[in-house]
1. Name all residues of segment 129-164 having a backbone nitrogen under 19 Å from the label point set 7 Å from the Cα of residue 108 along its Cα→Cβ direction, giving them as ranges.
2. How far, in degrees from 0 to 90, does helix 86-96 lean away from the longest principal axis of the Cα atoms of the chain, to the nearest 10?
3. For the chain, what does -39500 (n - 2.57) per DSSP helix run (n ≥ 4), summed and divided by total residues, give at 222 nm, in deg cm²/dmol to the nearest 500?
4. Take the Cα coordinates of the chain, assign each an equal point scatterer, and use the Debye formula without solvent to give log10 I(q)/I(0) at q = 0.10, 0.14, 0.16 Å⁻¹.
5. Could you grab the relative contact order for the chain? Cα pairs under 8 Å, six or more apart, rounded to a whole percent.
6. So, by mean Cβ neighbours within 10 angstrom, what's the order for 80-91, 134-145 with the highest one leading?
7. Pop a pseudo-label 7 angstrom from the Cα along the beta-carbon direction at both residue 134 and residue 13 and give the gap in nm to one decimal.
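What follows is calculated from the coordinates using simple rules that are stated; it is not laboratory data. Everything quoted here is computed from the prediction, not taken from an experiment. Positions of Cβ are backbone-derived with ideal geometry, glycine not excepted, and every protein chain shown enters the neighbour counts.
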């Protein structure tokens, strides 16, 4: 692999969370060379959370066992959602009680799916009112999964259709 240009910026711009398919999401993506190129009947099921630069993270740590001949991925994310409102509290309460599909939009405007096979679980949600006026006020979320596959890239046209 050639060395990339020096424009390989990191960071998460947006998180899209959907209840895992057992709750009505039609889940039949077409995957070609690690990219989801088609995904039928999944519109309007994703909740969208935009985040400030440097706030959200996503990773996909692999654990390899040469003794067992296995590779297991542990996709994880953390984020902060600004502001505390009744509507956000109700929405997040419904989201955190389910397994999730998570799509992250990175700073380079590529989209990546975590939790493809088994979904992801919210492991912590903290409602933070802050102490002083300059403090963060909102929700802090963390989630993790356990997968036989790494992240899959999602074609940007597919994401537009998922959110339509």
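1. Under 19 Å, as judged by backbone N against the label point of residue 108, lie 150-159 of segment 129-164.
2. 30
3. Result for the chain: -3500 deg cm²/dmol, rounded to the nearest 500.
4. -0.40, -0.76, -0.97
5. Values: 347 pairs, mean separation 46.0, N = 164.
Once divided by the residue count of the chain, the mean separation gives 28 percent.
6. Packing proxy ranking, top to bottom: 134-145, 80-91.
7. Computed distance between label sites residue 134 and residue 13 equals 3.0 nm.
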